[in-house]
Amino acid sequence: MDQIVERIKQTGVIPVIKLSRPQRDAAPLAETLCSGGIAAAEVTFRAAGAAEAIRIMRAARPEMLVGAGTVLNCGQVDEAVKAGAQFIVTPGLDPELVSYCQRLGVAVFPGCSTPTDYQTAYHLGLSVLKFFPAEQSGGLAKIKALSAPFPMFQIMPTGGISLNNLREYLSCPVVCACGGSYMVAPELVEHGRWDDIRELCRQSAHIVEEVRHG
Ligand code: 3PG
């Protein structure tokens, strides 16, 4: 768990990926993300074939950190872990699902956006939360307000993150990384615009580097 969180922190930005054709796109996308300086992905179970995409990405680039997103039930956790997922992201806070992941020993980052969510997450012994949907839930102002009573959490905002606000989010001390789909927008993946995706990754990695090391 700690090692996964450390790698997420180092990467700084986690691309949120929905692949409709994993057989065709997963391997070149893994290659592109890594060469763009972002060796990580959250592959969402919103698209059929997510487990296959995870399997292909891990095989294509073993050094890559690949997790499963939009996980809604224990069956999907099993499927994701079997495919090689190294972490699980859920859109909301489901205590049963979190406990299931904890029993399996797989890192889990549930979506939280209210004091009640945070308090429940505290009782579950969690230390890293996805703040979702970030912009729509109050953005940085809310993340900062919630960190006053809950300083024990590191936060991964997702939802509405782009190159325009990435720096601002990453500059907040409680933010360990941001999730976003802006660098892997469906039209870019659909048309195999790998150079564009690589460039967006490079720009993102550059912002991470600047925020972390000045
Ligand atoms: C998610 O899938 O977790 C979010 O919807 C990603 O949000 P974004 O598309 O606004 O980056």
(request) Pull out a ≥ b ≥ c, the square roots of the eigenvalues of the alpha-carbon gyration tensor of the chain, then state rounded if a/c is under 1.5, prolate if not and a/b is larger than b/c, and oblate in the remaining case. (result) oblate
(request) Could you please state how large a percent of the accessible area of the chain is carbon and sulfur, counting protein chains only and using a 1.4 Å probe? (result) 51 percent
(message) Run the helix sum for the chain: -39,500 (n - 2.57) per DSSP H stretch of 4+ residues, divided by residue count, reported at 222 nm to the nearest 500 deg cm²/dmol.
(response) -14500 deg cm²/dmol
(request) Please get the size of the charge dipole for segment 55-194, origin at its Cα centre, with Cβ charges of +1 on Lys and Arg and -1 on Asp and Glu, quoted in debye to the nearest 20. (result) 280 debye
(request) Assuming R0 = 35 Å, can you tell me the calculated FRET efficiency for the pair Ser99 and Asp195, based on Cβ-Cβ distance, to the nearest 0.05? (result) 0.20
(request) Please give the FRET efficiency for His213 paired with Ala48, using the beta carbon to beta carbon distance and R0 = 35 Å, rounded to the nearest 0.05. (result) 0.30
(request) Just tell me which lysines come within less than 28 Å, Cα to Cα, of Lys18; anything on the same chain fewer than 8 places away is out. (result) Lys9, Lys82, Lys130, Lys142
(message) Given a 10 angstrom Cα cut-off, can you work out which residue in Gln102, Gln154, Gln136 is the most mobile in a GNM of the chain?
(response) Gln136
(request) Please find, in a Gaussian network model of the chain (springs between Cα atoms separated by less than 10 Å), the residue of Arg24, Arg103, Arg198 whose mean-square fluctuation is greatest. (result) Arg103
(request) Mind telling me which of Leu163, Leu129, Leu33 comes out most flexible in a GNM of the chain, alpha-carbon contacts under 10 Å? (result) Leu163
(message) Taking R0 as 45 Å, what FRET efficiency do you get between Lys144 and Ala59 from their Cβ-Cβ distance, rounded to the nearest 0.05?
(response) 0.65
(message) Given contacts defined as C-alpha pairs under 8 Å and at least six residues apart, what's the relative contact order of the chain, whole-number percent?
(response) 22 percent
(request) Just read off the accessible area of Tyr122 with the full protein assembly in place, 1.4 Å probe, to the nearest 10 Å². (result) 120 Å²
(message) P(r) for segment 60-102, please, calculated from all Cα pair distances in 10 Å bins and given in %.
(response) 30, 54, 15, 2
(message) Taking the full set of protein chains and a 1.4 angstrom probe, give the accessible area of Thr114 in square angstrom, rounded to the nearest 10.
(response) 50 Å²
(message) With a 1.4 Å probe and all protein chains left in place, how much accessible area per residue does segment 2-209 have, in Å²?
(response) 42 Å²
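The values are calculated or read from the model by the stated rules, or taken from the named source; none is laboratory data. All values reported here derive from a predicted model rather than from experimental measurement. Here Cβ is always computed from backbone atoms with ideal geometry, including for glycine, and neighbour counts include all displayed protein chains. Ligands, DNA and RNA are excluded from the accessible area calculation, which covers all protein heavy atoms including side chains. Shrake-Rupley method; radii C 1.70, N 1.55, O 1.52, S 1.80 Å.
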